[in-house]
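Only one structure is covered here, and it is reproduced in the block below.
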Amino acid sequence: MGGLTLRVDPPYEGESLSSVIGRAAQFYGTPLMALLADLGRPAGSSDRTYDLDLRPHPLIQSCIGDAVPNWRSPVDSHRGFHHWVLGSSHRTSYCVRCFEEDLALGRTPYFRLDWVPVLVTSCWKHRVPLFNWLDVSSGGMRRLPRAWIQQSGEAGSAPLFFQQHQRKLNELLDVRAPGADSRVSAALNCLDAFQRLMEKQSEDELLILPDDNPSVRLRGLGHEMIISTMKFWRQQMVSRARPATIDETYSAWFDPYVEYPERVRGSCLNSALRRAWDLGWRRSYFVFAAQALAPQGDHGAGDPWWGQMPKLGHGLGGGSDFDGTAVETKPPGSAVRCGVDGPVSPYACVPRSPMMRPDACGKSPFPLGR
């Protein structure tokens, strides 16, 4: 192993370790597990013990540091996340805009560590919805086009599903498109704000705050509400109740069917969330919690997490992070309030149930702690 050399680019900014090793395996045409074995992974080691992105085996860290020139370990700058992370074989989320930028810069598109948390459904940088990368092996290895791995940048090398994702995103962001529906954008905006309340980026400091801190209390409430929502839908599936469906207009972003295994019980809810690779499935669950935590009317206008919520693809300053969008922004200093600044509810695009609707104060309809 001492003579192993991998002639691939060292980790890009924010890249996960599994992404580095995955593109190296594709570059050399070797199975991922075979390369991991060459890098020192002990036979029989389990992902339950070692996480390649968050807690890799020490031998792999050491060997790949020697094998890749100018190595900078992506794990060293990781400072933790607040909540659940997806299982190692379920990390398929990606941002279309990030991949487009990678290709424009002449580098292989790569998977970011910031996309690993379960609650992350939009890009931290571009504030656009994430998609699922669909070319994945049975072992969970994400496969990129050969032209991308070789950094040739050939026209037409993008997979068909990637081109479809580009079109869907452009249609969402183009408010001038015929039939554009602001309810979808409003719901996705809310989920983006909910993500920024509940989770953090990998390299951000993990602050230890007192239990009575408003942000800590809101995160705790959001956590409990997600669990409660899953318990509710589990009961619906066990009782053979037919799940509500979503209008075809919204099915590109929200999963119309809530698929939930009956065998998942009690404490296994956390495990079920870690296996929830499908972004539409997660959005359908999380939008209920985001809805309940959103202020209802004037009394919530000053809420610390809702207040300056930018629209899709726009930063906090109101400027767009990409070209070609015509999304309207609100004047600086104005707060976005649910039901006040928009003519329709942003949550009309998801199945509504009387049991899931918050009261007038936006409180959870579920007793917490069960």
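The values are calculated or read from the model by the stated rules, or taken from the named source; none is laboratory data. Small disclaimer: the values here were computed from a predicted structure and weren't measured. Because the Cβ atoms are built from the backbone with ideal geometry, glycine has one as well, and the counts that use them run over all protein chains shown.
Considered as a group, the residues in segment 89-123 that are within 14 Å of the chain's Cα centre (by Cα) and small (Gly, Ala, Ser) include one that is nearest to Gly139 (Cα to Cα), and that residue is Ser93. Of the residues in segment 188-200, at least one is of a type in the set (S, T, N, Q), outside any loop (DSSP other than H, G, I, E, B), at pLDDT below 90 and surrounded by 20 or more Cβ atoms within 10 Å (Cβ to Cβ). Please verify whether segment 129-146 includes one or more residues that are at pLDDT 95 or above, in a loop (DSSP other than H, G, I, E, B), under 15 Å from Phe194 (Cα atoms) and of a type outside the set (S, T, N, Q). Yes, there is a match, as at least one residue in segment 129-146 is at pLDDT 95 or above, in a loop (DSSP other than H, G, I, E, B), under 15 Å from Phe194 (Cα atoms) and of a type outside the set (S, T, N, Q). Exactly one residue out of Arg112, Arg72, Arg55 is basic (Lys, Arg) and under 20 Å from Gln150 (Cα atoms): that is Arg112.
Residue by residue, here is whether (1) out of contact with any His (no Cβ under 8 Å at 6 or more places or on another chain); (2) over 22 Å from Trp148 (Cβ atoms) holds:
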| residue | (1), (2) |
| --- | --- |
| Leu4 | yes, yes |
| Asp9 | yes, no |
| Tyr12 | yes, no |
| Glu15 | yes, no |
| Arg23 | yes, no |
| Thr30 | yes, no |
| Leu36 | yes, no |
| Arg41 | no, yes |
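Of all residues in segment 5-29, those being assigned to a helix (DSSP H, G or I) and either more than 21 Å from Glu203 (Cβ to Cβ) or not aliphatic (A, V, I, L, M) (or both) number 9. So which of Trp124, Trp115 ends up being modelled with pLDDT of 95 or more and buried (at least 22 other Cβ atoms within 10 Å of the Cβ)? Among Trp124, Trp115, only Trp115 is modelled with pLDDT of 95 or more and buried (at least 22 other Cβ atoms within 10 Å of the Cβ).
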